[in-house]
Amino acid sequence: MCGIVGYTGSQAARDILVDGLRRLEYRGYDSSGIALSDGERIRTVRRVGKVDELAQAVESWKVASACGIGHTRWATHGRPSEANAHPHSDCSGKISIVHNGIIENFVQLRDQLQAEGHVFKSDTDTEIVAHLVEKYYDGDLIAALMRACERLQGAYGLAVMHADHPGVIAVTRKDSPIVVGSSDDGDAALVASDIVAILEYTRDVVFLEDRQYALLTPGNIEFFNENGKIIEPEFTHIDWDAENAERAGFPDFMLKEIHEQPRAVRDTISGAVKNGRVLLDDLTLDDDDIDAIDNVYIIGCGTSYHAGLVARELIERWARIPTTVEVASEFRYRNPIVSSSTLVIAISQSGETADTLAAVRIARSKGARVFAITNCVGSRITRESDGTLYVKANMEISVAATKSFLAQIACLMLIAMFLGQKKGRLTTRQVKSLYYELRETPAQIEDILQDTDVIEQAAKMIAKAHSVMYVGRGIGATVCNEGALKLKEISYLHAEAYAAGELKHGPIALIDEEVPVVAVVTDSPTRMQTLSNVQEILARGAHVVAVATEGDTDIEDIADYVLYIPPVRDWCSAITASVPLQLLARYAAVERGCDVDHPRNLAKSVTVE
Ligand code: G6P
């Protein structure tokens, strides 16, 4: 997705902007650009491809400027090209603008502006905003931006400069995140679409609300509501360490984040159960509310949806509440059966996924109580839901979600226990015992991470395949869904997850010596049945990578590679068995020479439909 960064202060804006754009690379993009104001005019450089290309292009650029805006673009309107890359400008060339989101009525606005004589140089929806600001500008930049925004339908995060206002950046947002902050030394003001871009300079920030405006000047920020009245929004202090956003010696963020999983799970579950009682204070449901809940709906996209699949299994198992899981993009258009007796759990790592947000709005409009599970403080979903439970995965940079997934599962396990206890299905003793087992999982992940040789060998075999099948049952099947998605996302191999029992109803026709199978056969009530399916697979000549429980030596006779996890109850294997599959995908991607952290065509947070 697109990224915005802006700086006004006393240092060289060029270097700060390029650095900020590099930090936004993880979001996925296809081109980038920066504009600097030198006190007289605005100069712009844009490049297709990596930020490195842009950095090279501006290296010899002799513009003395301490104010500028930058952007990474992920094409929506118009192909990736220099002309379509941001920043965009108006007819006079005095206005420069970067934009995240989509302007829905841009065709209509462009026709009107063209009829008035404005000349467009790109295919983007963004450029119309520059021309609208030009149209309404009469010496007051923020007022012109406000009038321009009145005309816009859709989503936008915007940062605007005007050559006649050196050192000034005007920003606003609607349905697309914008964060602003003054530098810790008080000399500068910064804006970004994502805190990671400016964290090195500021820790106390304001996440703008929809239709709020901010005017940045060196060391100062003024805030306005949409009527131009000065407001004083609350600052949020960010604890995240800028260093945390670096790779800490790992070759890629994905591997670093896989290794951070023990801490992510530990932090997420810490203190959640006391004396056998699940304490989820943020799940603000009193006994009457709980009594009234007769079904649960879980919504999310991608990896978050897969965390929901695990949750369904456990909410039904422990609380006996019928639970549906659905991808948000389907839920939002399907008129789902949701009412005031439905508890809706919306899962989103970023808290900004457009489909999930739309689904949340629909669920609430139907009277359901919606609780969000997210990793991002201040994200949109936290403001659109009735309550939020934060997972404590900390900043996740790699596009492929790993630690946020395990933290989501851990958090959902607590919710399942909470509902089980409140519905009178789990005793205090059972909760104590479940929590005890859950608390063991971080150490078990550490064990798995200690020795990954066999995983690496298996990945070399997988990397040569064209297609890989993942099979398992129950919790094992949910783990397979995420394992197959990881492989697809980062190694570009076709992978498909199937409930093992369904294999014989179709997909077994695909199996031969060319299609390796990853089988999750960890300890579970259905292990024997899954093993029978593995025999059927072997009979078709396929190579098998098994995820099994330590001590299960029989499996070594039939599988080519065995990836062991420590002995755990099957529900805990949703956490532990996921780890070897993440690593398998990551090593296969490296073997195939793929850019692990920046997979093609994917973005970390998908803020458009
Ligand atoms: C994108 C990312 C996935 C992620 C999905 C949902 O597609 O590439 O890794 O699972 O969005 O994101 P969310 O932030 O809502 O969990």
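The values are calculated or read from the model by the stated rules, or taken from the named source; none is laboratory data. Note that the structure is predicted; figures quoted are calculated from it, not measured. As a convention, Cβ positions derive from the backbone with ideal geometry for all residues, glycine included, and neighbour counts pool all protein chains shown. In case anyone asks, the SASA skips ligands and DNA or RNA and just uses the protein heavy atoms, side chains included. Shrake-Rupley method; radii C 1.70, N 1.55, O 1.52, S 1.80 Å.
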Exercise for the section: Kindly establish whether A359 is open to solvent by less than 10 Å² (accessible area, probe 1.4 Å), within 13 Å of the ligand (Cβ to nearest atom) and closer than 30 Å to E260 by Cα. Expected result: no
Problem - Filter result (at pLDDT 90 or above and within 16 Å of L24 (Cβ to Cβ)) within the range 182-198 - result: L190, V191, A192, S193, A197, I198
Problem - Checklist (1) more than 14 Å from the ligand (Cβ to nearest atom); (2) crowded, with 24+ Cβ neighbours inside 10 Å; (3) not hydroxyl-bearing (S, T, Y) applied to N335, failing item - result: (2)
Exercise for the section: Within the range 173-224, track down each residue that is more than 23 Å from T382 (Cβ to Cβ) and either assigned to a loop (DSSP other than H, G, I, E, B) or open to solvent by less than 10 Å² (accessible area, probe 1.4 Å) (or both). Expected result: S183, D184, D185, G186, D187, A188, A189, E200, Y201, L216, P218, G219
Problem - Subset of the range 41-80 (residues that are open to solvent by 60 Å² or more (accessible area, probe 1.4 Å) and among the β-branched types (V, I, T)) - result: T44, V48, T76
Practice task
Starting from the range 314-328, keep only residues that are free of Cβ contacts under 8 Å to residues at least 12 places away in the same chain, then list their pairs with residues that are crowded, with 17+ Cβ neighbours inside 10 Å whose Cβ atoms are within a distance under 6 Å, requiring at least 6 positions of separation or different chains.
Solution key: E316/T323
Exercise for the section: Inspect all residues belonging to the range 367-375 and state whether any of them is open to solvent by 10 Å² or more (accessible area, probe 1.4 Å), closer than 24 Å to A574 by Cβ, within 14 Å of the ligand (Cβ to nearest atom) and not in a helix (DSSP H, G or I). Expected result: no
Problem - I381 being assigned by TED's automatic domain parsing to the domain that holds A307, near the ligand (Cβ under 10 Å from one of its atoms) and not in a loop (DSSP other than H, G, I, E, B) - result: yes
Problem - Spans of helices (runs of 4 or more DSSP H) in the range 553-609 with at least 3 residues surrounded by fewer than 21 Cβ atoms within 10 Å (Cβ to Cβ), at pLDDT 95 or above and within 16 Å of the ligand (Cβ to nearest atom) - result: none
Practice task
Can you tell me which residue within the range 34-86, out of those that are touching a His at 6+ places or on another chain (Cβ under 6 Å) and farther than 23 Å from S183 by Cα, is nearest to the ligand (Cβ to nearest atom)?
Solution key: R73
Fill in the blank from the handout: Within the range 274-299, the residues that are over 28 Å from the mean Cα position of the chain (by Cα) and open to solvent by 10 Å² or more (accessible area, probe 1.4 Å) are K274, N275, R277, D286, D287, D288, D289, D291, A292, I293, D294
Practice task
Answer yes or no: is there a residue in the range 232-239 that is under 30 Å from Q114 (Cβ atoms) and open to solvent by less than 50 Å² (accessible area, probe 1.4 Å).
Solution key: no
